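What follows is one structure encoded as structure tokens, with my remarks underneath.
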Amino acid sequence: MTITSLILIGLLPLFTVIWPKRFIDYLHISVAGLLIHCVYLAGVFYAIFYGLPASVSAIIIGLQPLVTVIIARYWLGESLGMAKIIGLIIGFLGIVLVIGHQGLSTGGINKLGILFSLISLISISIGTTYQKKLCTGNDLLPTVVVQFIANAIVLIFLAFAFETRKVIWDQSFILALAWLVLVLSVGTSILLLWLIKHGEAGKIGSLFYLVPPFVTVEAWLLFDETFGAPAIIGIAACVTGVAMVIKSPKPS
């Protein structure tokens, strides 16, 4: 987060930006950023750290579009038509097929892992809706900068409080760090906030259904992992579900 913040600050002179004028705007932006990035990712990584299989964690997180639509319905007044509901259910069933085609191994009920996955699920769902409700009136790049600075401050504090801060700077770590900073942090964060600014929170959330299918196809292409009929059916269901949500009519 710190490296990403420095990169984004360095980009600011290249653009004409309008900074928020009220303190409350900075507070809302920071809260949304902490929910979307810090709490969400911490929940995912802690769930895996405590031994929850990644497939199980992915299915729990896969509920995010459904939870986001429900929150957006009551907080933002977004439509909750039959086509959107059916699309979300079809998309979730597709995720179960895609992730489960190799079999789910839970090894018993992992209470801590499930708890952290649920924390991650609630965080990204509330964060997306919070961003749409209270932060979309602000300029995009300053919003991203403020969010990453807020995340960096919290994570630096947590690192000094709980971590050894020992880093092995080998080639694998540097390449992974470059991907995390340039693609996942700078690129996808700007894209996500742009989508939230210009679309319904529920429809944006449905795009998360496309992550497992794309990962499955990528793993098949790069690592020769299994890609059988259940996965193909699941991918088709995910795409169909997202299409139904995206094309569902806006409230009149």
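Readers should treat all values here as calculations from the given coordinates under stated rules, not as data from a laboratory. Remember, it's a predicted structure, so these values are computed and weren't measured experimentally. No Cβ is skipped: glycine too gets one built from the backbone with ideal geometry, and neighbour counts run over all protein chains shown.
Which peptide among 159-170, 67-78 comes first, and what is the full order, when sorted by highest mean count of other Cβ atoms within 10 Å?
Ranking the peptides 159-170, 67-78 by packing returns 67-78, 159-170.
Work out how much length Leu177 to Trp19 would gain on full extension: take 0.36 nm times their residue separation and subtract the Cα-Cα distance, in nm to one decimal.
54.0 nm
Taking the dipole about the Cα centre of region 1-147, with the C-beta of Lys and Arg at +1 and of Asp and Glu at -1, give me whichever of Ile61, Ile48, Val145 is farthest to the positive side.
Ile61
Quick check on region 1-78: take the gyration tensor over C-alpha atoms, sort the square-rooted eigenvalues as a ≥ b ≥ c, and tell me if it's rounded (a/c under 1.5), prolate or oblate.
oblate
Would you mind ranking Lys197, Lys132 so that the residue whose beta carbon has the fewest other beta carbons within 10 Å leads the list?
Listing Lys197, Lys132 from fewest to most nearby Cβ atoms yields Lys197, Lys132.
With labels modelled as points extended 7 Å from the Cα through the Cβ direction, what inter-label distance (nm, one decimal) is found for Phe162 paired with Leu27?
Here the answer is 2.6 nm between the modelled labels.
Taking a 27 Å limit on the Cα-Cα distance, which of the listed pairs Lys84/Lys132; Lys84/Lys111; Lys111/Lys197; Lys21/Lys132 fall beyond it?
Check vs 27 Å cut-off fails for Lys84/Lys111; Lys111/Lys197.
Neighbouring Cβ atoms within 10 Å as the yardstick, rank Met82, Met244 fewest first.
Met82, Met244
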